[in-house]
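The values are calculated or read from the model by the stated rules, or taken from the named source; none is laboratory data. A quick note: this is a predicted structure, and the numbers were derived from the prediction, not measured. Quick reminder, even Gly has a Cβ in these numbers, built from the backbone with ideal geometry, and neighbours come from all protein chains shown.
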Amino acid sequence: MRKEPLIIHPDYLIKNIQDGDIGAVIYGLLTGTMMTPIKDITEGVGPGGRASEFEGPGMLTIKGDKLVVQPPANFIWAYKTPYTYAVKTEDGIVIVEKNKTIKRLSPKEIGNVASDYINATELEKWYKEAKVGDRIAIDFSLSNFSDGRLEVPPEDITRFFGERTKKYMEEYPEGAPIMAYMHHYRVEEVAEATSQLESYPEYDDIAREYNAKEFVKAWNGTIVPPGTSSPGKDTVQFTSSRDPKAPGGYASHGTCPPARALRDAVAQAGLPTPTGMSWGYFALIYGFDPATDVKVYNDGKYPIMIIMWTRGSGPSMVIHAKILRLVPM
């Protein structure tokens with residue numbers, strides 16, 4: 001903080017008395033210098049150093065010779081980015097953060113690694129199958145923000161953007177766009193489509209119904225910011241049935257009906273055909289994971305949200321897909 005002689009700026013002393021800043025008053029009287037009032041070198045910051053006149057995660061910028069706290073936009077998004085890795089070594093693993101080794105662990109200690117994204121069993125399984133030098137991401141940051149702010153490390157995500165944002169991050173794969181903050185917007189329903197599961201007993205209708213519901217779970221609630229492509233959640237699992245036409249002889253049958261509903265709703269909303277889908281009856285292209293390889297691209301001006309649900313059960317089960325547009329107010 002810049003300081004000025006008290007004899008030149010007695011007005012600073014008066015201002016501190018008026019603000020009730022007793023500490024600054026005592027400091028000025030004892031040292032003969034006064035700290036420049038924060039309002040003279042900042043904009044949008046109160047006497048206590050807190051942003052004023054708005055709520056939410058503001059951003060510090062420079063405007064002329066002042067530090068300015070800008071209020072948050074209606075929508076702020078970023079990308080889920082690997083921040084911390086576990087790297088296999090000849091005698092265990094090392095934990096690497098920003099290319100710096102922060103911890104070394106023996107094979108017996110691997111189960112003690114705490115992460116919101118991978119549990120001890122999964123990490124130990126990876127270690128047994130990995131080669132020396134292989135790495136796996138165990139913690140993630142938010143980076144490449146839509147408003148240009150700096151990367152937010154894992155420990156600050158909940159503090160800045162709330163538990164809901166952190167939970168959303170945990171469900172989506174690396175590289176997915178993450179809507180970190182939303183406020184002052186209205187929801188417009190722009191498209192809805194349906195499909196029916198139908199019966200293909202040769203592919204096991206019970207397994208097909210399970211896969212259809214997993215597809216719905218994977219995509220329900222997905223938010224796609226403008227100018228981004230989003231996959232579905234990577235926390236779902238599909239079961240495979242034998243199919244001689246599929247690569248490897250197996251396919252996740254039952255995912256095409258909900259894929260048709262999603263594809264048709266996306267088209268009605270005026271958006272491009274999702275990656276990994278075709279316009280055939282069997283909407284999913286072989287070789288694409290129905291949740292993480294399929295991607296919906298939003299070439300519109302505003303964020304969209306995908307809502308999916310099912311009604312009924314068995315071959316007559318109806319799958320619904322709805323596209324909502326989130327418009328700033």
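What the table shows:
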| read-out | value |
| --- | --- |
| Flag for Glu174 being closer than 30 Å to Ile319 by Cβ, at pLDDT 95 or above and of a type outside the set (Val, Ile, Thr) | yes |
| Tally, over region 180-225, of residues that are buried (at least 17 other Cβ atoms within 10 Å of the Cβ), among the charged types (D, E, K, R) and more than 17 Å from Ser240 (Cβ to Cβ) | 1 |
| Residue within region 130-145 that is surrounded by fewer than 15 Cβ atoms within 10 Å (Cβ to Cβ), at pLDDT below 95 and farther than 18 Å from Val94 by Cβ present | no |
| From Gly248, Gly221, residue being closer than 20 Å to Ala176 by Cβ and of a type outside the set (Val, Ile, Thr) | Gly221 |
| Residue satisfying all of: in region 108-125; in contact with an Asp or Glu (Cβ under 8 Å, 6 or more places away or on another chain) and either of a type outside the set (Val, Ile, Thr) or part of a loop (DSSP other than H, G, I, E, B) (or both); farthest from Lys166 (Cα to Cα) among these | Gly111 |
| Subset of region 237-253 (residues that are more than 22 Å from Tyr172 (Cα to Cα), of a type outside the set (S, T, N, Q) and surrounded by 15 or more Cβ atoms within 10 Å (Cβ to Cβ)) | Asp243, Ala246, Ala251, His253 |
| Candidates Ala267, Ala246, Ala259, Ala291, filtered to the one that is in the same structural domain as Glu214 (by TED's automatic domain parsing) and over 24 Å from Pro225 (Cβ atoms) | Ala246 |
| Selection count, region 271-316, where residues are at positive phi and in contact (Cβ under 8 Å) with a residue 60 or more places away in the chain | 1 |
